[in-house]
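Have a look at the structure below, then the notes.
Every read-out reported here was derived from the displayed coordinates using simple, explicitly stated rules and does not represent laboratory data. A quick note: this is a predicted structure, and the numbers were derived from the prediction, not measured. Using ideal geometry, Cβ is built from the backbone for each residue, glycine included, and neighbour counts are taken over all protein chains shown.
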Amino acid sequence: VRFKGPDRLRNDLGAALSLGANEICSELGKFSCTDEVHVVTLGGVAAYDRQIFEPARSTMATTPLAADRVVLAACAERAKRDFAAPDSATLWTGLELTGAQLADPKSKAVKASLDGLYTKLLARHASSNEIDALSAFYATVAAQDSEHPAQTWATLSCYAVGTSVEFLFY
Amino acid sequence: VSPRLALSITAALAIGLTSVAADAKPGAPAVFCATYPDAPACASGAVACSYCHTKSEAPAEWNLYGSALKAALLPSAPRPLDDATFAMGLPDALAAIAQDDSDGDMTSNQGEILGGSLPGDASSHPTEATCPDDAAKYDYAVCHYDSRYVLRKLSLDFCGQSPTLEAIEALEKAAGADREKMLDDALDACMQSEFWRGKDGAVWRLAHRKIRPLSSIKSGENPGVIPLADYDDDYALFVYTQIDDHDAREALSANFFVTRTPASDGSPTTYTRVDGKKKGQAVDLQHREGMLTTAWFLVSNVMFTALPRTAAAQAYRSYLGFEIARQEGLHPISSEPKDYDEKGVGAPVCASCHSTLDPMTYPFRNYNGLGNGGQGRYIPNRIEKFFADQAPDITKIPESGAILGKPVNDLAGWVQVAIASDEFATATVHDYWVLTFGADPTPKQSADYGALWKSFESDDNYSVARMLHRLIHTEAYGEP
């Protein structure tokens, strides 16, 4: 398998999470993670200024850190938008909340959102085991985050799938 | 004896190196690869000297495999062997130790050579993924061509993003022949994408190491602090030759330039031939040779030098796949190097490469880089006009030279030999192989790879697009 590298990672996250190229991840709010700051670490090139003409043939020691950074930023952005404006949500849709908590982590809406997560990120439906695991994960998150447990769970569920071998490699 | 082996031996026989140290045998890699054409070590054109040597400069030293080969090579013939005798005897010596295990790692030399490991290194073993007895439990048809896997791979390779679930489901519903067409259609669509053909797209990026851009001396759009030449013209010409069913040989033989029109209103980036003059390009029509005579290539590789060895080495590296600094692709010419410019290249440690490099450079003698009022131009008698005082014999540098062991009259002849060679086809296909696989061909993939570059120079008429259509239907590409 091959790591997707910066362009494919950006494109796939953008398509799956309905984010523009400049909305996925940036450092200091200005510099693109995938196109500038971490481009070489993620397997890209920097030909014109840094004379790096070819990508590394294998991932580097810091590639996982950069990939984590990008996926987590994109997932956090999608969750923030969907929870801030549920009516225009694109991924986390129809979730019933009690305050900042999921009313029922095993509800149909939760399962549908999780299946949508797999469909968008991995182009396949989630298995029942996968849905059960992420539904159960909510309790772990809620035990540690009393302020925004539902949004944090959504972010980390997305992060879990988005940092899987199946998503990052092909 | 295969035609390729016969040619390699003939070329080696023609060498007759008189000025090269007796230890150095630059023709050996070519004879080795002609004997083992399917060896993965030969996939990119030439086996490295380190395959047999721990040190290839005089006095040479050998690894375990090289030592065994040396012992098997015409053992009764007096030493040192001349190059012709060496080349004639090498195939038999290779055969004599093929079934031995020189490095004692329990795999025969031939097994290692064909298996992609090093026969002179006990820590190197052939590795090949094994196929499961029952592949049914996997998502893909492991070890078999899987069109669903191919759709995902080609979408990511050529479009830069994964296919949608809907596209995958549509493919799964289609019958076999329809699936093939769907894959071809998907590839065609991807090759129109900006990810593939646009500025900084996949094909554009393939050209980085050939062009070696440097923004601080760029002219034209987004100029640097010292604008000398515009490499955007080089990228446009290169991409043009690689897309839309164009002939990839024109990367070297084009006597035209290309302009790029960025994508707009849903239309992809387009590239258009410019047959006349182009702003920033000074070389006259008669002396244009594609990527080798652009203003950027000449400015950055010739610069202020009389005999621009860097230009020839960069051309050889970029388009024929040989890194001459690693002693790849050596085809020494008898009585070379002449060392017209008195750089000391006749020293034994230098001559083993410069007997190939210098005659390969002579056809560039009249192409000017910087200075002398002719930036990026062909200037007849350039050496005589501007460099005559640099060395007593410097004006004797001929415009004729040699590449791949074949004599040429000028750069046009140089290019014709280059683009007609298997090395050009191999280097071009190798670029795309590494682009899509991320690695050199494995032993298991070598048959597909060999068929691919041979078709590229015959049935595909050097069209990268046709070659890529062929690629996605290979077992190598379609096996998860």
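Here are a few things to note about the model shown:
- In chain B, Cα pairs under 8 Å separated by at least six residues give a relative contact order of 17 percent.
- Placing +1 on the Cβ of every Lys and Arg and -1 on the Cβ of every Asp and Glu, with nothing else charged, gives the stretch B:320-461 a dipole about its Cα centre of roughly 280 debye.
- Computed from phi, the 3J(HN,Hα) profile of the stretch B:118-131 under the Karplus parametrisation 6.51, -1.76, 1.60 (θ = phi - 60°) reads 9, x, x, 10, 5, 8, 9, 10, x, 10, 8, 4, 9, 8 Hz, with x in place of Gly and Pro.
- Amide H within-cut-off set for A:I52, under 5 Å, with H built and near neighbours excluded: A:A46, A:A47
- For the protein assembly as shown, the 222 nm mean residue ellipticity estimated from helices alone, with every DSSP H stretch of n ≥ 4 adding -39500 (n - 2.57) and the total spread over all residues, rounds to -13000 deg cm²/dmol.
- Centroid-to-centroid, using Cα positions, the stretch B:316-386 and the stretch B:401-416 are 12 Å apart.
- In percent, rounded to a whole number, the relative contact order of the stretch B:366-434 is 15, using alpha-carbon pairs under 8 Å and six or more apart.
- For B:T269, the residues whose amide H sits under 5 Å from its own are B:A263, ignoring neighbours fewer than 5 places away on the same chain, with H placed 1.01 Å from N.
- Amide H within-cut-off set for B:N63, under 5 Å, with H built and near neighbours excluded: B:H53, B:T54
- Relative to the globular-protein estimate of 2.2 N^0.38 Å, the Cα radius of gyration of chain A stands at 1.08.
- Here the Karplus curve 6.51 cos²θ - 1.76 cosθ + 1.60, taken at θ = phi - 60°, turns the phi angles of the stretch A:109-117 into couplings of 5, 5, 4, 5, 5, 5, 5, x, 4 Hz, with x standing for Gly and Pro.
- Peptide-level mean, for A:114-125, of C-beta atoms on other protein chains within 10 Å: 2
- Number of partner chain Cβ atoms within 10 Å, mean per residue of A:14-24: 1
- Taking B:D265, B:D83 and counting other C-beta atoms within 10 Å, the order from fewest to most: B:D265, B:D83
- Isolated Cys in chain B, by beta carbon distance under 4.7 Å: B:C49, B:C52, B:C350, B:C353
- Counting, for every residue in B:150-159, the Cβ atoms of other protein chains within 10 Å of its Cβ and taking the mean gives 2.
- The distance between label points at B:K454 and A:A61 comes to 4.6 nm (points 7 Å beyond Cα on the Cα→Cβ vector).
- Averaging the sequence gap over all C-alpha pairs within less than 8 Å and six or more residues apart, then dividing by the number of residues, gives the stretch B:135-205 a relative contact order of 29 percent.
- Estimated at 0.36 nm per residue, the fully extended path between B:A447 and B:S334 surpasses their Cα-Cα distance by 37.1 nm.
- For B:R209 and B:L370, a Förster radius of 30 Å and the Cβ-Cβ distance give a FRET efficiency of 0.85, rounded to the nearest 0.05.
- Each peptide in B:167-180, A:118-131 gets a packing score, the mean of other Cβ atoms within 10 Å over its residues, and the list from highest to lowest is A:118-131, B:167-180.
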